[in-house]
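The values are calculated or read from the model by the stated rules, or taken from the named source; none is laboratory data. Note that this is a predicted model, so its numbers are computed, not measured. Here the Cβ is made from the backbone with ideal geometry for all residues, glycine too, and neighbour counts use every protein chain on show. Ligands, DNA and RNA are stripped out before the accessible areas are found, and what is left, the full protein with its side chains, is counted by its heavy atoms. Shrake-Rupley method; radii C 1.70, N 1.55, O 1.52, S 1.80 Å.
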Amino acid sequence: MDSSDSGLSYKKQKINNSEKDLDCSNAARGVWLVKVPKYISSLWEKAPPLSEAGRLKITRTGGKADIKFSLSDDMLKTSDGQVKTDIPKEHRFVISNIAHQTLAVFGSENGDSSDSGSGKLVLGGHVLQKGECRPLADQRYMNLKRESILKASQPERQVKQITKVVTSYKPVSDHKFNIEYEQKKKAEGRKARDDKDKVMDMLFAAFEKHQYYNIKDLEKITRQPVPYLKEILKEICNYNAKNPHKSTWELKPEYRHYKASESTE
């Protein structure tokens, strides 16, 4: 009886190696292919090596075989040594007819049952019996199914009423964009309106160095609120809405005193 990731269920593997790499030394060995419940395969996956999985009891009545499987106590023990009472222990095998089928079990040399293709491909044997391991419909199994149905019907997210303050729900830090916004707000708040003549003097001094400025550069130079700065600019400057100096400000002709070479730009 060979077990895979899903208990004794058969799992096809992709053959990436050539025929000469297939080990057929176990071709004559007969194996049983049995589908087991998920809770049994979980127990077998967590069990230590060389543990007793369970015991088979085969009885024949009138030429018909009656096969029963009983999980071992080692499989039902918890970490503290207690025996689990919520998992069915007794099961029966329902055998299928495979007279018209040819089934085989393959594995890798290193014991890996995945499809990674690592290791030499080994023929584990040919399938003699194919069946299904079914638990007896006793009270223990009914309780197990009821618990699984109730668990599956519960939504992943639930609304819980909080009767006291839970500190873990409070943010540990502010969001980055909120911090930048507050810093910008404080910086703009410190910008006080200077005297209009003083602002105009700063603008004239700036336009003596360059003919065109955008609003951001003028804001940095004068450190004035943008709405107040635009009011002054509209009095002494023209706004360029077209190329080649789009979105910039320049002094009105009556305020310009550029050299002849600069005025021809």
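Suppose accessible area is computed on protein heavy atoms with a 1.4 Å probe; arrange HIS100, HIS245 from highest to lowest. Don't jump to the answer; show the numbers that get you there.
Details: HIS100 180, HIS245 70 Å².
In descending accessible area the options line up as HIS100, HIS245.
Using a cut-off of 13 Å between beta-carbons, work out the net charge of the residues near LYS176 (Lys and Arg +1, Asp and Glu -1, LYS176 not included). Can you show the working numbers first?
Values: positive: LYS184; negative: ASP174, GLU180, GLU182.
Net of charged neighbours comes to -2.
Net length available on complete extension from ALA152 to THR78 is 24.3 nm, with 0.36 nm assigned per residue and the Cα-Cα distance removed.
Would you mind working out the magnitude of the charge dipole of the stretch 48-107 relative to its Cα centre, with +1 at each Lys and Arg C-beta and -1 at each Asp and Glu C-beta, to the nearest 20 Debye? Kindly include the intermediate steps, with their values, before the conclusion.
Values: 9 positive and 7 negative charges, 71 e Å.
Around 340 debye, computed over the stretch 48-107.
In this structure CYS24 has an accessible area near 70 Å², from a 1.4 Å probe over the protein heavy atoms.
Compared with the direct C-alpha span, the chain from GLN183 to GLU90 gains 26.4 nm at full extension, assuming 0.36 nm per residue.
Quick check on my link table: of LYS68/LYS151; LYS176/LYS252; LYS68/LYS145; LYS77/LYS151; LYS77/LYS120, which ones sit more than 31 Å apart, alpha carbon to alpha carbon? The partial results should precede the final answer.
Details: LYS68/LYS151 29 Å; LYS176/LYS252 42 Å; LYS68/LYS145 21 Å; LYS77/LYS151 23 Å; LYS77/LYS120 36 Å.
Distance filter (> 31 Å) returns LYS176/LYS252; LYS77/LYS120.
What net charge is computed for the residues neighbouring ARG60, neighbours being all others with C-beta under 13 Å from the C-beta of ARG60, Lys and Arg scored +1, Asp and Glu -1? Kindly include the intermediate steps, with their values, before the conclusion.
Numbers: positive: LYS57, LYS64, LYS68; negative: ASP66.
Taking every Cβ under 13 Å from that of ARG60, the sum is +2.
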